[in-house]
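Notes follow once the structure below has been shown.
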Amino acid sequence: MAPSHLSVREMREDEKPLVLEMLKAGVKDTENRVALHALTRPPALLLLAAASSGLRFILASFALALLLPVFLAVVAMKLGLRARWGSLPPPGSLGGPWVAVRGSGDVCGVLALAPGSNAGDGARVTRLSVSRWHRRRGVGRRLLAFAESRARAWAGSMGETRARLVVPVAVAAWGVAGMLEGCGYQAEGSWGCMGYPLVREFGKDL
């Protein structure tokens, strides 16, 4: 599917259930890889081992004492990711949420934007997901280009001297990171747990 066959518009209310399912599916695609990445870092392994050792004095089962901390850590991480990226944010000053539509109305991607935390930070992508049936067909790049145009227009309306867009990416989402680097974005920072990154941030001056 060529990008020219796509249009981007604001989400309609009747499309909200479909868009929510798309966001949740997008989170499911990465949450297991993020959890594996996080729980195999040395500090996490040390904490899990300590928790398992403590539980062995309480639980009669060695296997349960070993698996319970891992299970609880994975569940907590998945719930956190779903709460952050698996729901729709309210409309903000940049408008949206926005959907990519193929042809006569096949919704195949979703985008949401928000202003940065501080003046001069530019705009941030808060949601970006493409239906698994439409990936590698230019939908992500089309949504990114639309996000850049919205960020430029918003910066101009706010009297900002420069336009800027920041895109957070889960550390395991190598395909998205590669697309951003191919579009001129640079990795600028990250946030995570115990000194290990779980989400990288890519930025670009527009």
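The values are calculated or read from the model by the stated rules, or taken from the named source; none is laboratory data. What you see is a predicted model; the values in this text were computed from it and never measured. Here Cβ is always computed from backbone atoms with ideal geometry, including for glycine, and neighbour counts include all displayed protein chains. The area values use the complete protein model at the heavy-atom level, side chains included, leaving out ligands, DNA and RNA. Shrake-Rupley method; radii C 1.70, N 1.55, O 1.52, S 1.80 Å.
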Quick one: in segment 171-190, of everything that is touching an Asp or Glu at 6+ places or on another chain (Cβ under 8 Å) and surrounded by fewer than 14 Cβ atoms within 10 Å (Cβ to Cβ), which residue is modelled with the lowest pLDDT? GLY189
Those residues of segment 38-76 which are under 18 Å from the mean Cα position of the chain (by Cα) and open to solvent by less than 50 Å² (accessible area, probe 1.4 Å), in sequence order: ALA38, VAL74
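Select the strands (runs of 3 or more DSSP E) contained entirely in segment 85-165, then report the ones holding at least 3 residues which are open to solvent by 30 Å² or more (accessible area, probe 1.4 Å) and modelled with pLDDT under 85.
Values: elements: 98-102, 106-115, 123-130.
The strands (runs of 3 or more DSSP E) meeting that bar number zero.
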On the basis of being of a type outside the set (Val, Ile, Thr) and free of Cβ contacts under 8 Å to residues at least 40 places away in the same chain, does GLU15 make the cut? no
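Any residue at all in segment 10-20 that's under 25 Å from ALA123 (Cα atoms) and touching a helix residue (DSSP H, G or I) at 6+ places or on another chain (Cβ under 8 Å)? Before the answer, list the steps.
Residues of segment 10-20 under 25 Å from ALA123 (Cα atoms): 10-13, 15-16, 19-20.
Within this subset, residues satisfying the condition of being touching a helix residue (DSSP H, G or I) at 6+ places or on another chain (Cβ under 8 Å) are 11.
Checked segment 10-20: at least one residue is under 25 Å from ALA123 (Cα atoms) and touching a helix residue (DSSP H, G or I) at 6+ places or on another chain (Cβ under 8 Å).
Would you check if PRO69 is part of a helix (DSSP H, G or I), outside the structural domain of LEU111 (by the TED database), out of contact with any helix residue (DSSP H, G or I) (no Cβ under 6 Å at 6 or more places or on another chain) and in contact (Cβ under 8 Å) with a residue 12 or more places away in the chain? It would help to see each step written out before you state the result.
Numbers: part of a helix (DSSP H, G or I): yes; outside the structural domain of LEU111 (by the TED database): yes; out of contact with any helix residue (DSSP H, G or I) (no Cβ under 6 Å at 6 or more places or on another chain): no; in contact (Cβ under 8 Å) with a residue 12 or more places away in the chain: yes.
Answer is no for this residue.
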